[in-house]
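Below: the structure, in structure tokens.
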Amino acid sequence: MILMSINRRIVLIFLALSIFYLPALAEDDYSINVSADKFLGAFLTNESGYALYYFSDDAGMSEESACYGECAAKWPAFYAEVISVPESLIAIDFAAITRTDGTKQTTYKGWPLYLYSGDKAPGSVSGNGREENRWHIIDPQDLPQSF
């Protein structure tokens, strides 16, 4: 009878501990991740699964943003204070810049990162090709080099 009671206690303790520890083990929380679209391929996302974009007008600006005012209202700058990425990405490819308005913005290989206000759900890429094809999702394997 005592042995059965000890076994039950051990099982209950194990179950109680697993409630606290298994969710942390089962799900990785990345500030930047990779998702995929069946037509467009792989692209970077934020921690909530929303697509990250680059702006072709930022080319040649040496890690500076060209998107302010109305542009920034539609295309908010993305910033993650702590960069954590899956093994398929390299954390040192990400950095932060201070925009001329004083806010911070995360960059990927020198390109400032943006979200699109028109993306209404995680995985949406409705900003890709917008505004005369100047906005693009970021394929981590095929980003244009301009800096």
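Among the residues of the range 11-37 satisfying the criterion of being closer than 20 Å to Ser88 by Cβ and not in a strand (DSSP E or B), which is modelled with the highest pLDDT? Please lay out each step first, then the result.
In the first step, residues of the range 11-37 are kept if they are closer than 20 Å to Ser88 by Cβ; the result is 25-37.
Restricting the remaining residues to those that are not in a strand (DSSP E or B) gives 25-31.
On the way: Leu25: 38, Ala26: 36, Glu27: 47, Asp28: 62, Asp29: 83, Tyr30: 92, Ser31: 95.
Among residues in the range 11-37 that are closer than 20 Å to Ser88 by Cβ and not in a strand (DSSP E or B), the one modelled with the highest pLDDT is Ser31.
Being at positive phi, exposed (fewer than 15 other Cβ atoms within 10 Å of the Cβ), in a strand (DSSP E or B) and small (Gly, Ala, Ser), is that true of even one residue in the range 38-58?
First, pick out the residues of the range 38-58 that are at positive phi: 41, 49.
With exposed (fewer than 15 other Cβ atoms within 10 Å of the Cβ) added as a condition, the list becomes 41, 49.
Now drop any that are not in a strand (DSSP E or B), which leaves 41.
Right, trim to small (Gly, Ala, Ser) and you get 41.
Yes - at least one qualifying residue is present in the range 38-58.
For the range 93-147, which residues satisfy the criterion of being within 14 Å of Cys67 (Cβ to Cβ), part of a loop (DSSP other than H, G, I, E, B) and not aliphatic (A, V, I, L, M)?
Listed by number, the residues that qualify are Arg99, Thr100, Asp101, Thr103, Tyr116, Ser117, Gly127, Arg134.
Suppose we keep only residues that are of a type in the set (Gly, Ala, Ser) and within 13 Å of the chain's Cα centre (by Cα) within the range 66-87. Which one would you say is surrounded by the fewest Cβ atoms within 10 Å (Cβ to Cβ)?
Of the range 66-87, the ones of a type in the set (Gly, Ala, Ser) are 66, 69, 72-73, 77, 80, 84.
Within this subset, residues satisfying the condition of being within 13 Å of the chain's Cα centre (by Cα) are 77, 80, 84.
Details: Ala77: 19, Ala80: 19, Ser84: 15.
Ranking the qualifying residues of the range 66-87, first place goes to Ser84.
Determine which member of the set Glu132, Glu70, Glu64 is out of contact with any helix residue (DSSP H, G or I) (no Cβ under 6 Å at 6 or more places or on another chain), among the acidic types (Asp, Glu), touching a residue at least 40 places away in the same chain (Cβ under 8 Å) and farther than 20 Å from Ala36 by Cβ.
Sole residue among the options that is out of contact with any helix residue (DSSP H, G or I) (no Cβ under 6 Å at 6 or more places or on another chain), among the acidic types (Asp, Glu), touching a residue at least 40 places away in the same chain (Cβ under 8 Å) and farther than 20 Å from Ala36 by Cβ: Glu64.
Report, by residue number, each residue of the range 35-84 that is over 15 Å from Asp119 (Cβ atoms) and in contact with a Gly (Cβ under 7 Å, 6 or more places away or on another chain).
Glu63
Lys109: within 14 Å of Asp139 (Cα to Cα) and among the basic types (Lys, Arg), yes or no?
Numbers: within 14 Å of Asp139 (Cα to Cα): yes; among the basic types (Lys, Arg): yes.
Against the criterion (within 14 Å of Asp139 (Cα to Cα) and among the basic types (Lys, Arg)), Lys109 qualifies.
The values are calculated or read from the model by the stated rules, or taken from the named source; none is laboratory data. Remember, it's a predicted structure, so these values are computed and weren't measured experimentally. Note that we place each Cβ from the backbone using ideal geometry, even for glycine, and neighbour counts take in every protein chain shown.
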